[in-house]
1. Within the group G481, G464, which residue is surrounded by fewer than 22 Cβ atoms within 10 Å (Cβ to Cβ) and more than 24 Å from N118 (Cα to Cα)?
2. Which of the residues that make up region 638-657 are under 23 Å from the mean Cα position of the chain (by Cα) and modelled with pLDDT of 95 or more?
3. Please go through region 484-509 and pick out each residue that is loosely packed, with under 15 Cβ neighbours inside 10 Å, part of a loop (DSSP other than H, G, I, E, B) and on the phi < 0 side of the Ramachandran plot.
4. So the check is Cβ under 8 Å with 6+ separation or different chains; which pairs have a first residue in region 86-110 that's modelled with pLDDT under 95 and a second one that's among the polar types (S, T, N, Q) and surrounded by fewer than 21 Cβ atoms within 10 Å (Cβ to Cβ)?
5. Here is a list of conditions, (1) farther than 29 Å from K406 by Cβ; (2) assigned by TED's automatic domain parsing to the domain that holds M368, and D25 meets all of them except one; can you say which number that is?
6. Can you go through R70, R40 and tell me which one is free of Cβ contacts under 8 Å to residues at least 24 places away in the same chain, part of a loop (DSSP other than H, G, I, E, B), out of contact with any Lys or Arg (no Cβ under 6 Å at 6 or more places or on another chain) and surrounded by 14 or more Cβ atoms within 10 Å (Cβ to Cβ)?
7. Can you name the residue in region 162-194 that is β-branched (V, I, T) and more than 16 Å from D276 (Cα to Cα) and, of all such residues, is nearest to the chain's Cα centre (by Cα)?
8. Counting only residues that are within 17 Å of G247 (Cα to Cα), of a type in the set (D, E) and not in a helix (DSSP H, G or I), how many does region 536-581 have?
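The values are calculated or read from the model by the stated rules, or taken from the named source; none is laboratory data. Only a predicted model underlies this, so the values are computations on that prediction, with no experimental measurement involved. Note that each Cβ is placed from the backbone with ideal geometry, even for glycine, and that neighbours are counted across all protein chains shown.
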Amino acid sequence: MSRVVKTLCQMCYFYCGLDVTVKDDRIVKVAGMKEHPGSRGRLCPRGLAAPQLVTDPNRLTCPLRRKGERGSGRWQEISWEAALDEISEKMLSVREESGAEYCAYYRGQGPGWVTNFNYVWRFMNSWGSPNLFSHSHLCFVPRAVAHAATFGPFPEPDYENTNCILLIGYNPVNTSPVNYAPRVVWAKRSGAKLIVVDPRFTSIASKADLYLQVRPGTTGALVLAMIRVIIEEGLYDRQFIDAWTVGFDALEALVQDYDPKRVESICQVPADQIRDAARMVATIKPSVVVEGNGLDQHTNTVQTVRTTSILRALIKSVDQKGGSVMVPSLPFKDVQRRGDQPADFYDRSVCEYPLYARGGFGLTGIEMINSLETGNPFRVKSLIVQGGDPVAVLSESKRVVSALNKLEFLVVHDLYPTATSRIADIVLPAASFLERDLVLNYRYRPSADSNLIAMQNQCISPIGESRSDLDFIFALARKVGLSEHFPWKNVIEAFDWELEPNNINVAWLKKNPGGFLRKYSPEELYRKYEKNGFPSTPSGKIEFYASRFEEYGYDPLPRFKEPALSPRSMPNLAEGYPLIGSTCLKLGLHTHTQFRSLPWIRAKEPEPFAEINPETAVEAGIEDGDWMWMETPKGRTRLRARLTLAVHPRVVIATHGYGEPYAGCFDLANNITSHDERDPIAGPTGNRSFLCRISRVST
């Protein structure tokens, strides 16, 4: 007898609704859940391929202990109890010998953020170590740091009520085909104008009223030029600026250096297009500005996003209907135990980016590698890697392997034998989202006027001996003496405790698969600053001149700085490496390094490739479909050439995330990116704007 389980997809971070048909503990069909308020029955290719996570023969199925030298590939099967004993004994020994902070955790996107991540934080805060790392310096957090310094929390675009949309480095057709992409298209269909700024002519750019093809890493200069036009032509609300912002005069002085004609030579965008974009976003009201992951992974990311934050404020889009809304938070218990952190918590860490850390985001993978390489301020000794792969994701992959080999003890908990697991001491099998329960509080909402909590319900039994991320964390917490802080019999009890302030529980969510949707009235949602100001900034106002940046020794104004490895900043290097490279092309079929071994997805895009302009290909003697080398001073990677007019003749854009050892014999793209040149405020490396050269692979 078959049954339908209502659950939530976790093939990316939008958590669409799934109807999963199960028979004899096997998944026989998936379809979109119509009750889900965000996805409304729609699914992307990842969601349709989700059942193949369960049947993938590449999955880990039992705990393993290393037998030979690290990287030798020799393993011994052990029990979960033995693995937990070994991990806990090592952690307790390290804490006794050196201190709790010498034990670290690296968390990836694989298990999802929010609820799952909150309990990792709880574990680390209870244990007493601030050294919780992730790859988020390459995605999202640098933008969050910029917004926080300017006006507050990360804003939500109010697409449903806008008349003009400015997308900067953002292609929702690939990254959010079920949520944001249709909302943008519906807004356009309702009459909204669309402006797209991107080095690559994307799917969403094809729908734009105005497309600006900016040189990679120079968006900050372009937006400063737009700001100058808006100020010079008086296209801003002087009353709002006087009442609710600080630093306007300093901003006005700064943008005098960013005349559109001068910026044209920097960005390679015609001055008239810059002026047109500025006038459109400032005069077609209301308007919304949205920047995406395309602004991450540059050595000037934070200050670039400061310009987009300021642009929002200048056109009076912050916390306005049809603009950028700061949605109120739902009430939750202090799951993370952040309130129990001592005052000197981060003083006992390997922190190099204090604004990143004190924003509540943990630490960067950069700081982890630097600690291991230099021993400064100390060398982390024990590391758990869960649902992530620093070897594949961080720059200079071989250097990451060398650094991780300095650890005394390395544990990996994952669905697959990743590149990092090859050098681990203990490898543990993780359960997929189809094999466990989880409460999800959405970061990316169905609409700008709502918050959503929904239940991810277990559909089938875990494969082999795999265990969920929270089952592992709860079991380890008890082993190392943290039972007081993990008092629940199981994760369901913990979820019920967490949900209490919202007057719902797991049983309620299971009966209501569309979830708990909190809709806000216009009074709760818009112009909240008229009552409360902007409490996230020291001044309580929008800060064009960022006092928090000044306090930490950073430039309080978003002055444009060339990418560290560009034709302008490194002209001598550009003689040998004349092209601008990126290793960050996302195809909408994968999430970071995941899913390349699933048959349906692999059939669609089986190999890594690079997009190059036909003119560039002719110069290099490369034809469409040839294997080619993409090379930097750090190394080279082998890619299929895909010729397209979507990229500029001096730009090469390679796919991101191929190279996991279980998913094909391909190079890791980050073999060629540099660890050394980084954004000074939040640490992103320049994976989207570096110098490279290409050549045909000889056969």
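1. Within the list G481, G464, the selection yields G464.
2. Hits for region 638-657 are V652, I653, A654, T655.
3. Residues satisfying the conditions are P487, W488, K489, N490.
4. Going by the 8 Å Cβ cut-off, the qualifying pairs are Q109/T591.
5. (2)
6. R40
7. Among residues in region 162-194 that are β-branched (V, I, T) and more than 16 Å from D276 (Cα to Cα), the one nearest to the chain's Cα centre (by Cα) is T175.
8. Of the residues in region 536-581, 2 are within 17 Å of G247 (Cα to Cα), of a type in the set (D, E) and not in a helix (DSSP H, G or I).
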